[in-house]
Amino acid sequence: MNLPLLTADITVDVARMSIQHIIVICSFFLMLITIIFINGFSIRLGDKEINIGGVTRLLARKDEDILLKENLHRFSEEVDHDVNGELYDLVDNLNYKIEGIALNEHCYFTFEKFISIVKSELEKRVRRNNLKQKLAKTNRDNYVNSLMRNIESQYEKLQAKVNNLNCGEVYADFSVIKDAVRNILYMFFDGSKAILIEGCRKKNKRYNEYKSKFKTASAKKSSCEYPIEKNEGYIKDLEWS
């Protein structure tokens, strides 16, 4: 059966159209393009969804991602603050062990100076922002030996000054307390490492919880996937050192 309407050629003679008609047609297509550009639409092909246009929707998705990113940033800062506080608490707790060494080997008036030397050296390591990198890049013995050299050098300088005074105070030779000091420094290394690893794990747990909430791939990568990868690297290096 032949259907003339289906086989007929449909043509538009633009030359014969009035300017008003052309303007109306152009305005219609322009309005259609604007609507698609602003609102957009989606086409689902199986498991995949193709989004066309939709500036408003895209901006809304980005706004949601910005809020998520800000929440994660605040959480990360809170974890860093807690980790820093725990590291200082570790140094304070080690003070009691340092006092035990000092009281056994020093007069009452000299043991505070000895405590100050050890404590200031440990707190200096905590204050530095690269403590995590330092612990991850050096092994246990090398790190403790570096601390020992600094403490021994300061101790001997103070001992020399005291020996030139007439107050009668005496500092025991460093060799007498060296092993005890080394054990405390190992406690600092191991304790700091455990605190830093726990901080990285706490962050990664939150990052993994937030990954599926991000609407854009770039935000998910920069806010979750990259930090997770970086923290896993720290954990691996810290556990190895």
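The values are calculated or read from the model by the stated rules, or taken from the named source; none is laboratory data. Owing to the predicted nature of the structure, the values given are computational and were not obtained by experimental measurement. Glycine also receives a Cβ, built like all others from the backbone with ideal geometry; neighbour counts cover every protein chain displayed.
Looking at segment 148-241, the helices (runs of 4 or more DSSP H) lying wholly inside it that each contain 2 or more residues that are farther than 19 Å from Thr138 by Cβ and under 15 Å from the mean Cα position of the chain (by Cα) sit at 174-210, 226-240. Figure legend. Inter-residue proximity from segment 173-190: first residues charged (D, E, K, R), second residues surrounded by fewer than 13 Cβ atoms within 10 Å (Cβ to Cβ), beta-carbon distance below 7 Å, spacing 6+ or different chains. No pairs are indicated.
Could you please let me know if Leu196 is surrounded by 17 or more Cβ atoms within 10 Å (Cβ to Cβ), modelled with pLDDT of 95 or more and among the hydrophobic types (A, V, I, L, M, F, W, C)? Judged against the criteria, Leu196 is a match. For segment 135-142, the criterion of being in the same structural domain as Ser76 (by TED's automatic domain parsing), under 21 Å from Lys119 (Cβ atoms) and either buried (at least 17 other Cβ atoms within 10 Å of the Cβ) or at pLDDT 90 or above (or both) is met by at least one residue. In segment 199-211, the residue that is surrounded by the most Cβ atoms within 10 Å (Cβ to Cβ) out of those that are over 20 Å from Leu238 (Cα atoms) and among the basic types (Lys, Arg) is Arg206.
In this structure, Glu229 qualifies as over 25 Å from Asp89 (Cβ atoms), in the same structural domain as Leu72 (by TED's automatic domain parsing) and not basic (Lys, Arg).
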